[in-house]
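The values are calculated or read from the model by the stated rules, or taken from the named source; none is laboratory data. Here the structure is a predicted model, which means the values were calculated and not measured. We place every Cβ from the backbone using ideal geometry, glycine too, and count neighbours over all the protein chains shown. All accessible areas refer to the heavy atoms of the entire protein, side chains included, with ligands and DNA or RNA removed. Shrake-Rupley method; radii C 1.70, N 1.55, O 1.52, S 1.80 Å.
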Amino acid sequence: MPSSNKVRKVTSENYPTDSGREGELIFRLVYQQAGCKKPFSRLWLSSMEENAIREGFAHLKPSTEYDALYNAALCRERADWMVGINASRLFSCLYGQPLAVGRVMTPVLAMTVVREAAIAAFVPEKFYTVDLELTSGCTASSRRIPEKSVAENLLKACRKEMVATIQRITRKEKSENPPPLYDLTTLQRDANRLLGYSAQQTLDYVQSLYEKKLTTYPRTDSCYITDDDEEMLEELTEELEVFLGITPEDMDEAVPRTRRTVNREKVTDHHAILPTRSMLQADLDALPKGEQNVLKLIIARTLMAVSKPFRYLETLLTTECAGEKFTAKGKEVLEEGWKAVERKVLADILNRKQELTALPNAAENECGILNAELKEGQTSPPKHFTEDTLLHAMETASADSMPEGVERQGIGTPATRAATIEKLVQKGFLERKGTKKTKVLLPTDKGKALITVMPEEIQSPEMTADWETKLLQIERGEMEPGEFMTEINTMITELVKNTEMKKGVNRPDVRDIERQHKNRVCDSEKRERPAFEGRTLLPHPQGTSFDLSHRIRTRSHHPGVTSLHSLLPLGTLMVSAAEVTYSSGCKDRRKHYGSRASARKKRLLLHRSELQGRSRKAKDQVGSHRSVRQEEQEESRGSFAGTSAELHGFHRTCGDSLRR
């Protein structure tokens with residue numbers, strides 16, 4: 001962008017915002033808001049290497065090539081806003097308390113509620129296994145047996161025979177490829193699993209590292225780099241190995257070890273998170289502990305991504321005893337590869353030893369049984385969500401329903417997922433429980449109640465998949481923006497028209513809210529509340545009827561936007577034909593509060609007027625006789641003083657009452 005002192009001389013502009021849908025939207029909105037009319041060209045690049053930047057400036061593209069991308073971004077932004085504000089107001093008015101609803105936030109909350117329901121409904125089932133300690137030096141186990149009597153009979157038979165026949169020994173060489181470079185979500189997951197950091201904490205740490213020029217841009221959803229950055233990564237890797245004292249492995253010179261990290265098609269706005277070269281000269285001991293740990297994870301992942309695969313030999317021993325098959329598994333390390341780097345760099349964080357059991361060679365067809373025992377176990381319920389697993393669920397939600405070529409999979413973006421979780425916690429829909437390092441995310445009673453009354457179309461991530469399909473069509477010019485916004489308009493209209501209060505759930509009594517807030521409940525006003533999802537939603541006051549004619553309006557909050565400006569002109573109804581009447585509403589609550597305050601104020605004013613009248617009457621009672629006048633004046637002054645003190649105390653009581 002041009003500097004302010006040269007604006008008048010500029011005939012055109014270039015904009016280098018993020019090369020993606022949201023980056024396009026940011027520039028266009030600023031451009032429109034500034035009222036700029038100058039032509040502009042697009043600088044589109046994902047690499048920050050000097051050669052790539054020079055090439056990008058040499059091949060600037062006309063802005064018209066990205067008009068469809070801008071329209072898709074604007075449709076996404078407006079649709080999100082329309083759904084959020086209408087659904088939040090709708091359900092807040094229906095149930096008489098503030099309820100936040102959103103396209104991303106509500107499905108995430110629904111995931112946790114469904115998981116807790118599955119855990120509560122889970123019925124553990126017992127099973128039994130028979131373990132044989134063989135003379136070959138390994139332990140073979142039977143299949144899981146649901147009936148204890150059958151397992152006991154097998155145990156007796158094995159103890160009677162005391163010999164197992166080796167049927168086969170299978171050896172297979174396997175390998176685990178190095179993990180990819182970090183994107184933000186993967187970094188947040190590892191930091192939560194290994195260090196106990198929340199997603200927001202990790203984002204704050206890595207953002208601070210980026211501002212100190214120790215890492216690259218953190219808010220990325222890509223685990224790869226472009227081919228322009230491959231040489232840079234190779235040089236960085238060599239410097240990191242020298243910095244940490246790691247001996248580089250012998251690699252195939254024909255194929256660079258950084259090749260598996262290169263994939264230009266999977267780099268969207270930004271490439272993967274990497275340490276910078278300036279980090280090598282920085283005083284890392286001066287960093288806070290949290291930033292040190294996160295930086296250590298990034299360094300380790302960078303070196304692991306360019307290391308050799310982890311290779312091991314897996315052996316499966318199958319034996320038979322008393323007509324039942326018993327199996328034993330073992331692993332033998334052939335080449336540590338990237339796990340050696342992980343163990344060296346993250347030794348203090350992992351704090352665990354790698355234990356692999358290698359099965360001995362069994363040359364004979366039979367082996368003796370040293371001991372046989374019966375073990376009891378039971379099936380496990382699904383695990384509670386941690387931030388690690390919840391982030392993964394958000395990243396993969398409705399991935400199968402999304403078309404190929406969408407900019408992002410799942411719900412939310414790497415930059416917003418942490419904020420979504422924090423918002424759910426702050427609004428009281430989720431809570432963290434557990435130890436400092438291992439905390440789970442549990443829905444509160446308020447969160448469960450909200451999902452219970454929420455329509456399926458709002459709490460399902462399938463709506464995001466449907467939107468992404470249509471936004472991709474807008475990007476490709478296969479769908480008009482107005483058609484998409486009309487569908488959103490119709491969907492919200494139907495939602496407002498057809499959504500009714502769930503049976504058995506009523507809006508809360510404002511008097512109950514006051515009593516709960518002040519924690520002063522009179523015995524005469526106590527009454528039982530319905531048992532609905534933790535009693536979050538309170539009962540309706542008896543004998544009270546509410547009638548609200550509710551119209552949801554909006555304004556175009558981007559007045560400079562022209563391509564979709566006609567869809568939402570200033571001051572028009574956000575939801576056409578959204579005028580509905582139902583037995584609840586925010587206005588009624590204000591009327592109720594307002595009427596009570598108004599009546600109280602009228603009583604105070606009447607009392608005040610009465611007191612002032614008494615004061616004036618006392619002043620007028622003056623006789624002709626001096627002594628009588630003096631007595632009357634003294635009596636009047638005393639009466640007036642008492643009345644003024646009473647009035648002053650009453651005013652203070654009035655003020656306290658109104659404040660309450």
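Some points to look at:
- Spin-label zone in region 216-231 - amide nitrogen under 19 Å from a point set 7 Å from the Cα of Phe57 along the C-beta vector: 228-229
- Separation of region 333-349 and region 164-207, taken as the distance between their Cα centroids, equals 13 angstrom.
- Region 284-344 - accessible surface per residue (Å², probe 1.4 Å): 39
- In region 267-396, the portion of solvent-accessible area held by carbon and sulfur atoms comes to 46 percent [1.4 Å probe, whole percent, DNA, RNA and ligands not counted].
- Unit Cα scatterers, Debye sum, region 411-462: log10 I(q)/I(0) for q = 0.16, 0.28, 0.31 Å⁻¹: -0.57, -1.14, -1.14
- Of Lys436/Lys470; Lys212/Lys423; Lys266/Lys433; Lys383/Lys446, pairs whose Cα-Cα distance is over 31 Å: Lys436/Lys470; Lys266/Lys433
- Mean shadow area of region 117-239 over all directions, Cα convex hull, nm²: 15.3
- Fully extending the segment from Glu239 to Arg193, taken as 0.36 nm per residue of separation minus the present Cα-Cα distance, adds 13.7 nm.
- Largest-first ordering by accessible area, 1.4 Å probe, given options Cys36, Cys138: Cys36, Cys138
- Other residues whose C-beta falls under 15 angstrom from the C-beta of Met491 contribute a net charge of -3, scoring Lys and Arg +1 and Asp and Glu -1.
- With 24 Å as the limit, the listed pairs Lys126/Lys172; Lys126/Lys325; Lys126/Lys156; Lys156/Lys331 have Lys126/Lys172; Lys156/Lys331 beyond it between alpha carbons.
- Surface per residue (accessible, 1.4 Å probe) for region 117-200, Å²: 53
- Efficiency of FRET from Cβ geometry, Ile119 and Lys38, R₀ 41 Å, rounded to 0.05: 0.10
- Spin-label model, Lys437/Thr276: points 7 Å from Cα along the beta carbon direction are separated by 3.2 nm.
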